[in-house]
Amino acid sequence: MPQVPIAELENHIGKLLGHSPWLDIDQQRVDRFAECTGDHQFIHVDPVKAAQTPFGGTIAHGFLSLSLMPMMMEELLVVPEGTRMGVNYGLDSLRFIQPVRVGSRVRLAVTLLDAYEKNPGQWLLKARAVMEIEGVEKPAFIAETLALCIL
């Protein structure tokens, strides 16, 4: 994650930090996620049966899409200079808006919403993460994510 002097964090609040590269969502990724989680609902893993639904084919698990967020935001989220590690502190909000069809490409847009020193040497960052689906107007999800940076 890019590190910036603490005094400059304020300059990034309210600004789009950028977009991740596009990522292909293929059936193999969805099947592996189903194996890991035990969620084998047909809409995710059975292309023949899923083709009979309004989606016209398999879709990624919502939590699969969400689980890609840390990887996709790695090069975007600015953190205070001197950060030794960052940990997931949770979400303030999350809405799944549009299913991600297998065969789609997605990317993440990240905006820093807030940054403050929660405790000495600990900075809490709040960011809006929007997962865009290539060629689709509505995003897959919008999340307000929290990261705790340990200096």
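Specify the residue that is surrounded by the most Cβ atoms within 10 Å (Cβ to Cβ); the eligible residues are those in the stretch 28-55 that are over 21 Å from the mean Cα position of the chain (by Cα), in a helix (DSSP H, G or I) and touching a residue at least 12 places away in the same chain (Cβ under 8 Å). Only one residue tops the list, namely Val45.
Kindly check whether there is at least one residue in the stretch 133-150 that is over 20 Å from Leu17 (Cα atoms), out of contact with any Lys or Arg (no Cβ under 9 Å at 6 or more places or on another chain) and not in a loop (DSSP other than H, G, I, E, B). There is no residue in the stretch 133-150 that is over 20 Å from Leu17 (Cα atoms), out of contact with any Lys or Arg (no Cβ under 9 Å at 6 or more places or on another chain) and not in a loop (DSSP other than H, G, I, E, B). Evaluate the stretch 78-95: report whether one residue or more is of a type outside the set (Gly, Ala, Ser), closer than 17 Å to Leu146 by Cβ and assigned to a loop (DSSP other than H, G, I, E, B). Yes, the stretch 78-95 contains a residue that is of a type outside the set (Gly, Ala, Ser), closer than 17 Å to Leu146 by Cβ and assigned to a loop (DSSP other than H, G, I, E, B). Tell me whether the stretch 3-25 contains one or more residues that are over 30 Å from Glu81 (Cβ atoms) and in contact with a Pro (Cβ under 7 Å, 6 or more places away or on another chain). No: zero hits.
If you check Phe96, Phe141 for being farther than 23 Å from Ala7 by Cα, surrounded by fewer than 18 Cβ atoms within 10 Å (Cβ to Cβ), in contact (Cβ under 8 Å) with a residue 40 or more places away in the chain and in contact with a helix residue (DSSP H, G or I) (Cβ under 8 Å, 6 or more places away or on another chain), only one passes: Phe96.
Values in this text are rule-based calculations from the coordinates and carry no lab data. Just so it is clear, the model here is predicted, and its values are computed rather than measured. Backbone-built Cβ (ideal geometry, glycine too); neighbour counts: all protein chains shown.
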